[in-house]
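These notes concern the structure reproduced below.
The values are calculated or read from the model by the stated rules, or taken from the named source; none is laboratory data. Owing to the predicted nature of the structure, the values given are computational and were not obtained by experimental measurement. When we count neighbours, we look across all protein chains shown, and the Cβ atoms used for this are built from the backbone with ideal geometry, even at glycine.
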Amino acid sequence: MEKGKVLYEGKAKILYQTDDPDLLLQYFKDDATAFDGIKKGTIVGKGVANNKISCNLFDLLKQHGIDSHFVRKLSDNEMLVKNVSIIPVEVVVRNISTGSLCKRYGLDEGIVFETPIVELYYKDDALHDPLMNDDHVMAMELATREELAIMREQALKINKILQEFFDSIDIKLVDFKLEFGRFKERIILADEISPDTCRFWEKGTNRKLDKDRFRQDLGDVEKTYNEMMNRIGRKL
């Protein structure tokens with residue numbers, strides 16, 4: 001597969017064209033940002049860890065009937081993906097209270113929700129990814145009501161699959177962000193699933209095993225990404 005010109009570069013990944021218009025090369029960077037890009041840094045080995053973790057988790061989801069943009073792993077930092085048109089609506093699933101949810105509603109951290117909370121955010125860095133609801137999505141013509149229903153249904157199914165998997169390796173899936181896109185008239189999962197896009201707490205200790213270690217200056221950031229890569233890899 002021949003790597004072409006850069007199609008898009010974000011905070012954590014670069015997308016390259018290939019010689020097949022239906023396929024792209026997704027490269028994972030070691031760059032790290034937080035708080036809308038105010039905090040910046042480098043997490044050595046993050047790109048390798050996030051690529052391997054995402055490959056393994058996309059494969060796991062495929063085994064459970066979840067279609068995604070993932071095709072195959074190409075190298076330590078690269079995966080081959082389908083050329084999807086991203087829907088600019090981020091879907092966040094929350095199982096345990098933390099982060100912006102606590103700040104927004106004055107909740108204590110660590111509340112386990114009986115039913116997962118699904119939130120929608122407008123994917124726009126300039127606007128700081130504001131919270132939105134179904135009516136906003138419809139009014140802005142970002143997705144149809146039917147597409148949004150598919151995204152919600154898939155997000156909750158993914159949540160159940162991942163919760164069961166991470167429970168098996170003594171990790172709590174606290175919350176996570178998903179992105180979806182259109183590919184050949186279908187809505188499929190895209191982006192990545194990694195410590196950059198999920199919050200993981202170790203069972204028993206609630207030790208944070210994700211990018212919060214970078215956000216909150218908790219230390220052992222590189223070590224934690226490697227630990228997650230190895231714990232997931234040993235199981236899958």
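Summary table below
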| read-out | value |
| --- | --- |
| Hits in region 1-35 (condition: over 17 Å from the mean Cα position of the chain (by Cα) and in contact (Cβ under 8 Å) with a residue 60 or more places away in the chain) | 1, 18, 21, 22, 23 |
| Residue match in region 36-43 (condition: touching a residue at least 24 places away in the same chain (Cβ under 8 Å) and surrounded by 17 or more Cβ atoms within 10 Å (Cβ to Cβ)) | yes |
| Region 33-64, residues that are at pLDDT 95 or above and among the aliphatic types (A, V, I, L, M) | 43, 44, 48, 49, 53, 57, 60, 61 |
| 1 or more residues touching a Leu at 6+ places or on another chain (Cβ under 8 Å): qualifying strands (runs of 3 or more DSSP E) within region 27-115 | 70-73, 78-82, 89-96 |
| Test: residue in region 167-180 that is crowded, with 18+ Cβ neighbours inside 10 Å, more than 17 Å from the chain's Cα centre (by Cα) and touching a residue at least 12 places away in the same chain (Cβ under 8 Å) | no |
| Residue list for region 132-175, restricted to those being assigned to a strand (DSSP E or B) and over 21 Å from residue 85 (Cα atoms) | 171, 172, 173, 174, 175 |
| Residue match in region 188-200 (condition: touching a helix residue (DSSP H, G or I) at 6+ places or on another chain (Cβ under 9 Å), in a loop (DSSP other than H, G, I, E, B), surrounded by 20 or more Cβ atoms within 10 Å (Cβ to Cβ) and on the phi > 0 side of the Ramachandran plot) | yes |
| Inter-residue pairs, beta-carbon under 7 Å, first touching a residue at least 60 places away in the same chain (Cβ under 8 Å) and in region 98-120, second among the aliphatic types (A, V, I, L, M) and part of a strand (DSSP E or B), 6+ apart | 98/174; 110/96 |
| Residues being within 18 Å of residue 173 (Cβ to Cβ) and touching a Gly at 6+ places or on another chain (Cβ under 8 Å) - total across region 213-236 | 2 |
